[in-house]
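S.K.: Please see the structure below; I have some questions.
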Amino acid sequence: MSRVYNFSAGPAVLPEEVLKEAAEEMLDYKGTGMSVMEMSHRSKAYETIIKEAEADLRELMKIPDNYRVLFLQGGASQQFAMIPMNLMKNKVADYIVTGQWAKKAYQEACLYGKANKIASSEDKTFSYIPDCSDLPVSEDADYVYICENNTIYGTKFKELPNTKGKTLVADVSSCFLSEPVDVTKYGVIYGGVQKNIGPAGVVIVIIREDLITEDVLPGTPTMLKYKTHADADSLYNTPPAYGIYICGKVFKWLKKMGGLSVIKERNEKKAKLLYDYLDESKLFKGTVEKKDRSLMNVPFVTGSDELDAKFVKEAKAAGFENLKGHRTVGGMRASIYNAMPLEGVEALVAFMKKFEEENL
Ligand SMILES: *Cc1c(COP(=O)(O)O)cnc(C)c1O
């Protein structure tokens, strides 16, 4: 068996320790004689799994008691609709469009009410985060929406927007648990877990209790109401049970590593290694404004499509997988999520240096 260094943007690398543990428990989970995949979601064993997952996540993110944690399905994309359906009481919401995911969320919200694009960085192919300190926030906006880390373009909000008192809703799919956060600054934090936490199929929604009401847009399906899932502790119907079990293991792994402050330091060290090299390289260069650089997704180019393709091909042959940039931007992108070890980034930079020498 040999494992590659997997730089995929998602589904993405998971901690090897977690995968090994899951493999050991595959046929017989803790003496139950069955896999977690085969287990009733109403069983005692599963109740412990989901309760512990929530408790560990709460501890890691220091989630206050007036926030609920929901484990849902439908991917991050389903939240693009659930958010307006549940929160657009005045049928008005403000969107900051910093990439394709924010744009999709904005377009979806337009189906349900008046969605205002109050800032955008589309003029420069989403290569920066606009100044959000004094935006024209709508007086009757039900919330202000951001995508906090832009997976495709590699930018991140280093400072949250000034929402002028309005509820902040954030898609954190690609920066979930990458650093400490102050949950109280948000009304809703949500993300698909397949970027930085677990297998595809689970989306985690952290939502302030007062935002969970029966007062939703008419016609909102039962399954798309936050209240349905909050009232049932995420067990209204069969949850993505195996996925939640793996997420729980990743939470324990993060706790064992020392929690989110330690993870942040580790992520900064990894990202610095790559960005420092990009800044000094004569062949490769980063594509986004330095001040807005993501710790998780690092896009870069050579300036030649031919050389980019050659690099991706030779990198793959050397055991560095999924370095091709998103189909809409080209070039390369290295996603260096929590589970990417420092050695993976060191090896990548060494490989890039060698490629530079050979091709300059
Ligand atoms: C991947 C991604 C999405 C889409 O996730 P799905 O689970 O495939 O719907 C949304 N937002 C961000 C920031 C992402 O990285």
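The values are calculated or read from the model by the stated rules, or taken from the named source; none is laboratory data. Just so you know, these numbers come straight off a predicted model, no measurement behind them. When we count neighbours, we look across all protein chains shown, and the Cβ atoms used for this are built from the backbone with ideal geometry, even at glycine.
S.K.: Which count do you get for residues in segment 53-80 that are within 16 Å of the ligand (Cβ to nearest atom) and either crowded, with 17+ Cβ neighbours inside 10 Å or not hydroxyl-bearing (S, T, Y) (or both)?
M.R.: So the first thing to find is which residues in segment 53-80 are within 16 Å of the ligand (Cβ to nearest atom), and the list is 70-80.
Now narrow it down to the ones that are either crowded, with 17+ Cβ neighbours inside 10 Å or not hydroxyl-bearing (S, T, Y) (or both): 70-76, 78-80.
Total meeting the criteria: 10.
S.K.: Only residues that are in a loop (DSSP other than H, G, I, E, B), farther than 29 Å from A317 by Cα, aliphatic (A, V, I, L, M) and in contact (Cβ under 8 Å) with a residue 40 or more places away in the chain: list them for segment 1-44, please.
M.R.: Once the filter is applied, which keeps residues that are in a loop (DSSP other than H, G, I, E, B), farther than 29 Å from A317 by Cα, aliphatic (A, V, I, L, M) and in contact (Cβ under 8 Å) with a residue 40 or more places away in the chain, segment 1-44 yields only M39.
S.K.: Starting from residues that are in contact with a strand residue (DSSP E or B) (Cβ under 7 Å, 6 or more places away or on another chain) and within 8 Å of the ligand (Cβ to nearest atom), keep the ones in segment 176-196 and report whichever is farthest from S261 (Cα to Cα).
M.R.: G192
S.K.: Going by the structure shown, is F251 of a type outside the set (G, A, S), at pLDDT 95 or above and farther than 24 Å from N196 by Cα?
M.R.: Considered against the rule, which asks whether it is of a type outside the set (G, A, S), at pLDDT 95 or above and farther than 24 Å from N196 by Cα, F251 comes out as no.
S.K.: I've got another one for you. Hey, does segment 220-227 have a residue that's within 23 Å of K51 (Cα to Cα) and within 15 Å of the ligand (Cβ to nearest atom)?
M.R.: Yes, segment 220-227 contains a residue that is within 23 Å of K51 (Cα to Cα) and within 15 Å of the ligand (Cβ to nearest atom).
S.K.: Select from segment 104-116 the residues that are buried (at least 18 other Cβ atoms within 10 Å of the Cβ) and within 18 Å of the chain's Cα centre (by Cα) and write down the one among them that is nearest to D140 (Cα to Cα).
M.R.: Top of the filtered list is Y106.
S.K.: Take the conditions part of a strand (DSSP E or B), of a type outside the set (G, A, S) and away from the ligand (no atom under 16 Å from the Cβ) and apply them to I118. Does it pass?
M.R.: Considered against the rule, which asks whether it is part of a strand (DSSP E or B), of a type outside the set (G, A, S) and away from the ligand (no atom under 16 Å from the Cβ), I118 comes out as yes.
S.K.: Separate question: Tell me the residue from I197, I189 that is under 17 Å from I83 (Cβ atoms) and outside any helix (DSSP H, G or I), please.
M.R.: One residue alone meets the criteria, I189.
S.K.: Have a look at E38, E47, E52 and point out the one that is of a type in the set (D, E) and touching a helix residue (DSSP H, G or I) at 6+ places or on another chain (Cβ under 7 Å).
M.R.: Values: E38 fails: touching a helix residue (DSSP H, G or I) at 6+ places or on another chain (Cβ under 7 Å); E47 fails: touching a helix residue (DSSP H, G or I) at 6+ places or on another chain (Cβ under 7 Å).
Every option except E52 fails the conditions.
S.K.: Another question, then. Mind checking which residues of segment 203-215 are more than 9 Å from the ligand (Cβ to nearest atom) and aliphatic (A, V, I, L, M)?
M.R.: Matches in segment 203-215: I204, V205, I206, I207, L211, I212.
S.K.: Among the residues of segment 157-195, which ones are buried (at least 24 other Cβ atoms within 10 Å of the Cβ) and of a type in the set (D, E, K, R)?
M.R.: Within segment 157-195, D171, K195 qualify.
S.K.: Kindly indicate whether any position in segment 200-208 is within 23 Å of I263 (Cβ to Cβ), surrounded by fewer than 19 Cβ atoms within 10 Å (Cβ to Cβ) and not hydroxyl-bearing (S, T, Y).
M.R.: Yes, because at least one residue in segment 200-208 is within 23 Å of I263 (Cβ to Cβ), surrounded by fewer than 19 Cβ atoms within 10 Å (Cβ to Cβ) and not hydroxyl-bearing (S, T, Y).
S.K.: Quick check on K225: is it surrounded by fewer than 21 Cβ atoms within 10 Å (Cβ to Cβ) and under 28 Å from E346 (Cα atoms)?
M.R.: For K225, the condition - surrounded by fewer than 21 Cβ atoms within 10 Å (Cβ to Cβ) and under 28 Å from E346 (Cα atoms) - is not met.
S.K.: How many of the residues in segment 143-155 are buried (at least 24 other Cβ atoms within 10 Å of the Cβ) and farther than 27 Å from I212 by Cβ?
M.R.: Residues that pass the stated criteria total 5.
S.K.: Go through segment 69-96 and report how many residues are within 17 Å of M223 (Cα to Cα) and not aliphatic (A, V, I, L, M).
M.R.: Residues meeting the conditions: 10.
S.K.: In the set I83, I146, which member is within 13 Å of the ligand (Cβ to nearest atom) and part of a strand (DSSP E or B)?
M.R.: I146
S.K.: Would segment 316-325 turn up any residue that is assigned to a helix (DSSP H, G or I), out of contact with any Gly (no Cβ under 8 Å at 6 or more places or on another chain) and in contact (Cβ under 8 Å) with a residue 40 or more places away in the chain?
M.R.: no
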